[in-house]
Each structure stands twice: as C-alpha cells, then as structure tokens.
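Note sheet for the following structure.
The values are calculated or read from the model by the stated rules, or taken from the named source; none is laboratory data. Model, not experiment: these values are computed from the prediction. A quick note on method: Cβ atoms are made from the backbone with ideal geometry, for glycine too, and the neighbour counts reach across all protein chains shown. SASA here: full protein model, heavy atoms, side chains in, ligands and nucleic acids out. Shrake-Rupley method; radii C 1.70, N 1.55, O 1.52, S 1.80 Å.
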Amino acid sequence: MGEIVRYTYRLRPGATAETALVAEWHRCRFLWNEAVHQQSSGTMPTMGSLSLMLTAARARCEWLRAGSQVAQQQMLRNYWKALTDSFSLKNRGRPRQKARKRTLPSLEFTTRGFSISDGRLILPKGTTIPVVWSRELPSKPTSVRVYQDSIGH
C-alpha cells in the first residue's frame, strides 16, 4: 500500500467563486445539522438512511439541488465517520450542530467532483479557482478539501 501524502495550496477565489463556495458551505452545513437533529431525536442514523435523507432533501428543495451532490455526500460521510468514532474512540463526543458564525467553512470533493486544468481548480457547477502552486503535484490527487482558515484565507 502506498503512502498517503497531503499538500496544502493557497487558492485565490474571485468574488463569484467565493460566493459559490460560501453558498455550498451553507447547503452542506444544513445537511450536517439535519443529520445531528436526526440522531438527537432518538433515531440512530445509518449511512443508508443519511443517503436517503439527502435524496429526499434534494428532491424537495430547489436550493439544495443548486449545489454539488459530491460535496453534500462527502459532508454526510464525514458526519457518519464522526458519529461512529464517537462510539469507538475515547474522549470523542457526538457530532454537534455547526453554527453559521462559529464554524469555519470546509468542503471536500472526491475524484468525480473536481478537476485541475491550466493551473486552476475546477469544481462542480462551473466554479473555477486559481491555485498558487508552491510545488508540483507528485501524482494525480484523489480528493480536494477547500477550507477557510482562521485568518480568512
């Protein structure tokens, strides 16, 4: 099995791309909070029930369909991982609600949800973001996490 390496690069999104990323973050945060509500109301969610919840929510809500299904699925996978870790790892609490003002935005895209072309990161729904390349990529990336750090970059 090969070594997994993570590289961090700075993105320079324009106003349109930044607006699209923030809107996608709000959609994913809504789904996370729905999953937390489902778990706190006494129903133990499974990955299958979370997938059904996403399908039903996307069928019901136009604004969810406007976003990337890949990022939304990955947010629910991250929720499921956090929930299962809370049962098996010591000192891990249950996942909690993500507050709009206290939580830093973070989106994850898997292989079918992004591409890199001409030095730009291309995300679903036509969002393109220039990347500041500090080094060459040693191999083709399998996932991309776009996040905002504590100082706003």
Counting only protein heavy atoms and using a 1.4 Å probe, what share of the accessible area of the chain belongs to carbon plus sulfur, as a whole percent? 52 percent
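Considering lysine pairs in the chain that are 8 or more places apart or on different chains, how many have Cα atoms under 24 Å apart?
Taking the Cα cut-off of 24 Å, the pair count is 5.
Compute the Rg/Rh shape ratio of the chain: radius of gyration over Kirkwood radius, all on alpha-carbon atoms. All intermediate terms of the calculation are to be shown ahead of the outcome.
Numbers: Rg = 16.4 Å, Rh = 16.8 Å.
Answer for the chain: 0.98.
With a 1.4 Å probe and all protein chains kept in place, how do 85, 118 rank by accessible area, largest first?
In descending accessible area the options line up as 118, 85.
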Roughly how many Å² is the accessible area per residue of the chain, as a whole number, for a 1.4 Å probe? 65 Å²
Would you tell me the accessible area of residue 147, worked out with a 1.4 angstrom probe on the heavy atoms of the protein chains, in Å² to the nearest 10? 120 Å²
Measuring from centroid to centroid over Cα atoms, what is the spacing of region 60-82 and region 1-37 in Å? 11 Å
Name the longest site-free stretch of the chain, where the excluded sites are GluC sites (Glu not before Pro) in a DSSP loop with no more than 10 other beta-carbon atoms within 10 Å. 4-135
Could you tell me the calculated FRET efficiency between residue 55 and residue 116, based on Cβ-Cβ distance and R0 = 25 angstrom, to the nearest 0.05? 0.30
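Given a 1.4 Å probe and heavy atoms of the protein chains only, how would you sort 49, 68, 41, largest accessible area at the top?
If we order 49, 68, 41 from most to least accessible, we get 41, 49, 68.
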Just reorder 133, 80, 32, 63 by solvent-accessible area, largest first, 1.4 Å probe, all chains present. 63, 133, 80, 32
Accessible area of residue 137 in the full protein assembly, 1.4 Å probe (Å², nearest 10): 60 Å²
Nitroxide proxy distance, nm - points 7 Å out along Cα→Cβ at residue 46 and residue 94: 1.9 nm
Net dipole in debye of the chain [+1 Lys, Arg Cβ; -1 Asp, Glu Cβ; about Cα centre; nearest 20]: 360 debye
Within region 1-56, DSSP-loop trypsin sites (Lys or Arg not before Pro) with at most 14 other C-beta atoms within 10 Å are 6
Residue (of 69, 54, 84) at the positive-pole extreme of region 19-120, dipole from beta-carbon charges: 84
